[in-house]
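A.B. asks: Have a look at this one.
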Ligand SMILES: [Zn+2]
């Protein structure tokens, strides 16, 4: 539910910039609160004779951000013992205050102020009052520091980075700390899985790991911001199965099925003993297959739900690209240009020309056989990367991440196999 609170924290330019960065805050506007005159202007308030405080109207989604947490963050951005002065700004218009429109918020805020008092010897002088009136300030004051990045601000810049992180669930295990993770009930885990292999001359060996990981993190962020679903993206597994002729190339690593199965089984059993029952494998390497593993795991862990997806095949590549191929092509190159342009060495790219099978039955899909990579391509690429652009990569990966976010949201609350199916035929 959307709720409102009005927070006076000294100069409202910096205060709004800080508060709007907190995840769960859905709208902010700056204005003047609890004064004596009608329709005050900034100039009038500046005289310090109107009784108004510079104030930020904060709207927040209380399913994602609780008032106690919001107020604790608010207190971090002020000196609550300083009367009518914050930073260099002095006057009653710069007083601090919590103004509520719902009387039920008063005891909640009172408790937070009592809690904060224990950290200070001097008495807190933050007002806690019902909101009597609020007038929106002139337009140039709204989002002031977005419009004027070098504009005056009484708050230290570190505080803005802190606010951005404060109410976000840690969702990428490559960066998460135990301090952030402990005490959080995660709904679902995502395991990116790639390979270690040459990708034409221009993409990193770990391309399949990097892209599956980055798509997964984007999806996890969307699922959190839209639906409050807590996802943990595990570090990517770089153990891929390789074709003959690819495996012989320098530092290409082939992992047999038994190795991959053992690794996945150990991951699932670790998650199992931690209580995690939902896993999405996001695969980035065409040589990997997981269905057999997942069927075996379903037998061993019947109350664990494991879904598998090849991220590059979720949406029709031809809707996003001019001439997609198979490997280190326009698709992977575009996605890499989007997420990590610094890792792409376009000047080293080959054309990605490929020889088709001679037997028609292998060409038309009557039967399958692993391709001898060295006989199919001379630069390990299959598909020309030259038409790749970051924008194509952004569109494709974002749409895939949207699909995954929906899936994660739907899987997040599945507790039994029955819940996976529609009731009607
Ligand atoms: Zn690849």
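A.B. asks: Please tell me if residue 319 is within 29 Å of the chain's Cα centre (by Cα), under 15 Å from residue 393 (Cβ atoms) and surrounded by fewer than 11 Cβ atoms within 10 Å (Cβ to Cβ). Walk me through how you get there before you give the answer.
C.D. replies: Details: within 29 Å of the chain's Cα centre (by Cα): yes; under 15 Å from residue 393 (Cβ atoms): yes; surrounded by fewer than 11 Cβ atoms within 10 Å (Cβ to Cβ): yes.
Here the answer is yes, as residue 319 does meet what is asked.
A.B. asks: In the list 75, 65, 124, which residue meets the criterion of being buried (at least 18 other Cβ atoms within 10 Å of the Cβ), in a loop (DSSP other than H, G, I, E, B) and in contact with a helix residue (DSSP H, G or I) (Cβ under 6 Å, 6 or more places away or on another chain)? Write out each step before concluding.
C.D. replies: Details: 75 fails: in a loop (DSSP other than H, G, I, E, B); 65 fails: in contact with a helix residue (DSSP H, G or I) (Cβ under 6 Å, 6 or more places away or on another chain).
Checking each option against the conditions leaves just 124.
A.B. asks: For the range 318-345, name all the residues that are within 16 Å of the ligand (Cβ to nearest atom) and over 21 Å from residue 195 (Cα atoms). Walk me through how you get there before you give the answer.
C.D. replies: Step one: of the range 318-345, the residues within 16 Å of the ligand (Cβ to nearest atom) are 321, 324-340, 343-345.
Residue satisfying the conditions is 321 alone.
A.B. asks: Does residue 384 satisfy being surrounded by 13 or more Cβ atoms within 10 Å (Cβ to Cβ) and farther than 18 Å from residue 202 by Cβ?
C.D. replies: Values: surrounded by 13 or more Cβ atoms within 10 Å (Cβ to Cβ): yes; farther than 18 Å from residue 202 by Cβ: no.
Answer is no for this residue.
A.B. asks: Here is a list: 53, 77, 33. Which entry is closer than 12 Å to residue 9 by Cα, touching a strand residue (DSSP E or B) at 6+ places or on another chain (Cβ under 6 Å) and at pLDDT below 95? Lay out the reasoning, then the answer.
C.D. replies: Values: 53 fails: at pLDDT below 95; 33 fails: at pLDDT below 95.
Result: 77 is the single residue among 53, 77, 33 that is closer than 12 Å to residue 9 by Cα, touching a strand residue (DSSP E or B) at 6+ places or on another chain (Cβ under 6 Å) and at pLDDT below 95.
A.B. asks: Residue 376: closer than 22 Å to residue 242 by Cβ and surrounded by fewer than 21 Cβ atoms within 10 Å (Cβ to Cβ), yes or no? Break it down stepwise before answering.
C.D. replies: Values: closer than 22 Å to residue 242 by Cβ: yes; surrounded by fewer than 21 Cβ atoms within 10 Å (Cβ to Cβ): yes.
For residue 376, the condition - closer than 22 Å to residue 242 by Cβ and surrounded by fewer than 21 Cβ atoms within 10 Å (Cβ to Cβ) - is met.
A.B. asks: Can I ask one more? Which members of the range 387-400 meet the condition of being under 16 Å from the mean Cα position of the chain (by Cα) and surrounded by fewer than 22 Cβ atoms within 10 Å (Cβ to Cβ)? Show your work before the answer.
C.D. replies: Our first condition is that a residue be under 16 Å from the mean Cα position of the chain (by Cα); within the range 387-400, this holds for 394, 397-400.
Across the range 387-400, the qualifying residues are 394, 398, 399.
A.B. asks: Filter the range 285-303 down to the residues that are under 16 Å from residue 193 (Cα atoms) and not in a loop (DSSP other than H, G, I, E, B) and list them by number. So that I can check it myself, show each step before the final result.
C.D. replies: In the first step, residues of the range 285-303 are kept if they are under 16 Å from residue 193 (Cα atoms); the result is 285-294.
Those that are under 16 Å from residue 193 (Cα atoms) and not in a loop (DSSP other than H, G, I, E, B): 291, 292, 293, 294.
A.B. asks: Just the residues that are near the ligand (Cβ under 10 Å from one of its atoms) and either buried (at least 24 other Cβ atoms within 10 Å of the Cβ) or under 17 Å from residue 331 (Cβ atoms) (or both), please, taken from the range 205-229. Walk me through it before giving the result.
C.D. replies: Residues of the range 205-229 near the ligand (Cβ under 10 Å from one of its atoms): 205-212.
Within the range 205-229, 206, 207, 208, 209, 210, 211, 212 qualify.
A.B. asks: Here are 154, 199: which of them is within 16 Å of the ligand (Cβ to nearest atom) and surrounded by 13 or more Cβ atoms within 10 Å (Cβ to Cβ)?
C.D. replies: On the way: 154 fails: within 16 Å of the ligand (Cβ to nearest atom).
Testing whether each residue is within 16 Å of the ligand (Cβ to nearest atom) and surrounded by 13 or more Cβ atoms within 10 Å (Cβ to Cβ) leaves just 199.
The values are calculated or read from the model by the stated rules, or taken from the named source; none is laboratory data. In this text, all values refer to a predicted model and were calculated from it rather than measured experimentally. So basically every Cβ, Gly included, is an ideal-geometry build from the backbone, and we count neighbours across all protein chains shown.
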